[in-house]
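The values are calculated or read from the model by the stated rules, or taken from the named source; none is laboratory data. As the structure is a prediction and not an experimental result, all values here were calculated from the model. Virtual Cβ from ideal backbone geometry, glycine too; neighbours counted across all protein chains shown.
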């Protein structure tokens, strides 16, 4: 179709109207057509409607204009390649064009002054005229943000200043995200929950509680799944969540950039990326309640932009055991002896107490298993959790089993320590415990049972844990002892 | 005849477009460096770095696209400068 078939000149109203068709035309084509119409003898008594200031900057003149509500739609929505300004300079349609490679079918969308511009353009790269000055005032100073965010792809966005009119470039590049292939309908049901605001969380990696700006409840999901829902809630058209927006208000996820207004956005995936089986959180994003198997499959950036890696949980294992063997593994002091002075009991304790309070001491995160046995002198107490000031005991302090049978009745100040393994095995094979390893830990390993020569060796718990095989040599001197499990 | 002040503004705007693209290239190069380092670390640990490598290809493609567009704008600016020179040759400094 020729442009003259789609646009119509209303000579008396001094307007150009889009009256038919869906083809797009370069602004220069509109200009050229109008100049052709105005050189007709019949038009010689009319003033020229349009002038070209540069090959890409055009302006209406002499009271002429292009209708924004033409019979076949807004005339500007069928133009590209240059800008157009009203005769009185009160209205400016700047030209915005994108370059880059997008996954086929990408619908680029534009946010102007916090609102999404209703799309009239097609898929993939765009070349459009956008109203940036309205009734004498620039809309958000002429700035817009352009997004390419199709679920399943790596996202992109960029800001453009359009107040100068003319032709303005924006780069939008997307690519297939090989970690984002699950159907949207499935991902939408993963049940993640979001919160925004500064709060401190402790990854138990020795750095203590540090600030984050957004915390995400992963609802027990694997991080690969959580990642996909993070993408889902920030894709084009995502309006299901109320997220923090760059202007510090809250709104639709399709506009979300970062956990705090001043942070550099991770363009490909605003809550964090996923690669090589690991989640790499964007700055200020805290995740919790993820599948336990992913305990080490992530890396975060706290609010100060410092990398926070999860602690290294490792197993300490003794094998080649028989049922009934007593196994003891404990950290050693510099002299190579069992380190029995890791803390002091704080305050008095009596029968019935189920919390053992300790004073601040040398208790090390890296040498204290999450659960196990704590010793105060010869008394052993099984604990289910601990922090730097107390142990939560599995059973209240009482006399009786395990030995000794007297009520400990601590008065405070008694020294204590936490072995890594401290029990009798009930099945042949191996026994182990788990601890968070952050530095090499020297330990002594003992396996004892009457009838075998007491086994003792020293070793070190490294970043990948420690495994030691017990050597069970029959004690030929002792008599009447059981040397094998039963 | 084009408007010389507007053509001069066009030159400035195109310089601005080039700045935008240069910044984009700089950002992509920074990502590329970071990614290359990550690939090295990942492979040193015996991990599969395929995701990172794919992303690296994408980044290189982006850089190529930006550079190609910059070349176009540079070429266009040369044309605009010629237009200004031609107009001024006829009409003097405008």
Just for the stretch A:71-92: of the residues that are free of Cβ contacts under 8 Å to residues at least 60 places away in the same chain and either within 14 Å of another protein chain (Cβ to nearest Cβ) or surrounded by 24 or more Cβ atoms within 10 Å (Cβ to Cβ) (or both), which one is nearest to residue A:171 (Cα to Cα)? A:79
crowded, with 17+ Cβ neighbours inside 10 Å and free of Cβ contacts under 8 Å to residues at least 24 places away in the same chain: is that true of residue B:65 in this structure? yes
How many of the residues in the stretch A:275-295 are within 14 Å of chain B (Cβ to nearest Cβ), closer than 14 Å to residue A:310 by Cα and more than 8 Å from the chain's Cα centre (by Cα)? 1
Here are some residues: B:30, B:50, B:44. Which one is more than 11 Å from every other protein chain (Cβ to nearest Cβ) and surrounded by fewer than 17 Cβ atoms within 10 Å (Cβ to Cβ)? B:44
Select, from A:119, A:59, A:112, the only residue that is over 23 Å from residue A:257 (Cα atoms) and at pLDDT 95 or above. A:59
Apart from one, (1) at the interface with chain A (Cβ under 8 Å from one of its Cβ atoms); (2) in a helix (DSSP H, G or I); (3) within 23 Å of residue A:274 (Cβ to Cβ) all hold for residue B:80; the odd one out is (3)
Residue under evaluation residue A:197, criteria (1) at pLDDT 95 or above; (2) surrounded by fewer than 19 Cβ atoms within 10 Å (Cβ to Cβ); (3) assigned to a strand (DSSP E or B), criterion not met: (1)
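If you check residue B:15 against the conditions, is it more than 8 Å from every other protein chain (Cβ to nearest Cβ) and touching a residue at least 24 places away in the same chain (Cβ under 8 Å)? Explain how you work it out, then say what you get.
Values: more than 8 Å from every other protein chain (Cβ to nearest Cβ): yes; touching a residue at least 24 places away in the same chain (Cβ under 8 Å): yes.
So residue B:15 passes the test.
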Determine, yes or no, whether residue B:9 is surrounded by fewer than 19 Cβ atoms within 10 Å (Cβ to Cβ), facing chain A (nearest Cβ under 10 Å), touching a strand residue (DSSP E or B) at 6+ places or on another chain (Cβ under 9 Å) and modelled with pLDDT under 90. no
So residue A:81 fits all but one of (1) on the phi < 0 side of the Ramachandran plot; (2) touching a helix residue (DSSP H, G or I) at 6+ places or on another chain (Cβ under 8 Å); what number is the exception? (1)
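Looking at residue A:125, is it within 14 Å of chain B (Cβ to nearest Cβ) and either modelled with pLDDT of 95 or more or touching a strand residue (DSSP E or B) at 6+ places or on another chain (Cβ under 7 Å) (or both)?
Yes, satisfied.
Listed here are the residues, each with its yes/no results for (1) touching a strand residue (DSSP E or B) at 6+ places or on another chain (Cβ under 8 Å); (2) surrounded by 18 or more Cβ atoms within 10 Å (Cβ to Cβ).
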{"site": "A:414", "(1), (2)": "yes, no"}
{"site": "A:422", "(1), (2)": "yes, yes"}
{"site": "A:434", "(1), (2)": "yes, no"}
{"site": "A:453", "(1), (2)": "yes, no"}
{"site": "A:462", "(1), (2)": "yes, no"}
{"site": "A:476", "(1), (2)": "no, no"}
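Looking at residue B:62, is it farther than 21 Å from residue A:81 by Cα, assigned to a helix (DSSP H, G or I), at the interface with chain A (Cβ under 8 Å from one of its Cβ atoms) and touching a helix residue (DSSP H, G or I) at 6+ places or on another chain (Cβ under 9 Å)? Walk me through how you get there before you give the answer.
Details: farther than 21 Å from residue A:81 by Cα: yes; assigned to a helix (DSSP H, G or I): yes; at the interface with chain A (Cβ under 8 Å from one of its Cβ atoms): yes; touching a helix residue (DSSP H, G or I) at 6+ places or on another chain (Cβ under 9 Å): yes.
Yes, satisfied.
Criterion first (at pLDDT 95 or above, more than 14 Å from chain B (Cβ to nearest Cβ) and either within 30 Å of residue B:67 (Cβ to Cβ) or surrounded by fewer than 21 Cβ atoms within 10 Å (Cβ to Cβ) (or both)) does residue A:145 satisfy it?
Working: at pLDDT 95 or above: yes; more than 14 Å from chain B (Cβ to nearest Cβ): no; either within 30 Å of residue B:67 (Cβ to Cβ) or surrounded by fewer than 21 Cβ atoms within 10 Å (Cβ to Cβ) (or both): yes.
No: the conditions fail for residue A:145.
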Give the stretch A:408-436 a look and list any residue that's more than 24 Å from residue A:350 (Cα to Cα) and touching a helix residue (DSSP H, G or I) at 6+ places or on another chain (Cβ under 8 Å), or say none. A:420, A:435, A:436
Assuming residue B:55 fulfils every condition listed in (1) more than 8 Å from every other protein chain (Cβ to nearest Cβ); (2) over 18 Å from residue A:160 (Cα atoms); (3) touching a helix residue (DSSP H, G or I) at 6+ places or on another chain (Cβ under 9 Å); (4) without any contact (Cβ under 8 Å) to a residue 40 or more places away in the chain apart from one, which condition is it? (1)
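Just to be sure, is residue A:107 assigned by TED's automatic domain parsing to the domain that holds residue A:163, at pLDDT 95 or above and in a loop (DSSP other than H, G, I, E, B)?
On the way: assigned by TED's automatic domain parsing to the domain that holds residue A:163: yes; at pLDDT 95 or above: yes; in a loop (DSSP other than H, G, I, E, B): yes.
Answer is yes for this residue.
Yes/no matrix, rows are residues, columns are (1) in the same structural domain as residue A:285 (by TED's automatic domain parsing); (2) more than 13 Å from the chain's Cα centre (by Cα); (3) more than 25 Å from residue A:294 (Cα to Cα):
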{"position": "A:194", "(1), (2), (3)": "yes, no, no"}
{"position": "A:211", "(1), (2), (3)": "yes, yes, no"}
{"position": "A:221", "(1), (2), (3)": "yes, yes, no"}
{"position": "A:228", "(1), (2), (3)": "yes, no, no"}
{"position": "A:238", "(1), (2), (3)": "yes, yes, yes"}
{"position": "A:248", "(1), (2), (3)": "yes, yes, yes"}
Selection within the stretch A:153-199 - on the phi > 0 side of the Ramachandran plot, more than 10 Å from every other protein chain (Cβ to nearest Cβ) and in contact (Cβ under 8 Å) with a residue 24 or more places away in the chain: A:191
Of (1) in contact with a strand residue (DSSP E or B) (Cβ under 7 Å, 6 or more places away or on another chain); (2) more than 14 Å from residue A:275 (Cα to Cα), residue B:30 satisfies every one except (1)
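Could you tell me whether any residue of the stretch A:46-63 is assigned to a loop (DSSP other than H, G, I, E, B) and free of Cβ contacts under 8 Å to residues at least 12 places away in the same chain? Quick ask: steps written out before the conclusion?
Restricting attention to the stretch A:46-63, the residues satisfying the condition of being assigned to a loop (DSSP other than H, G, I, E, B) are A:46-49, A:55-56, A:61-63.
Those left that are additionally free of Cβ contacts under 8 Å to residues at least 12 places away in the same chain: none.
The answer is no; no qualifying residue exists.
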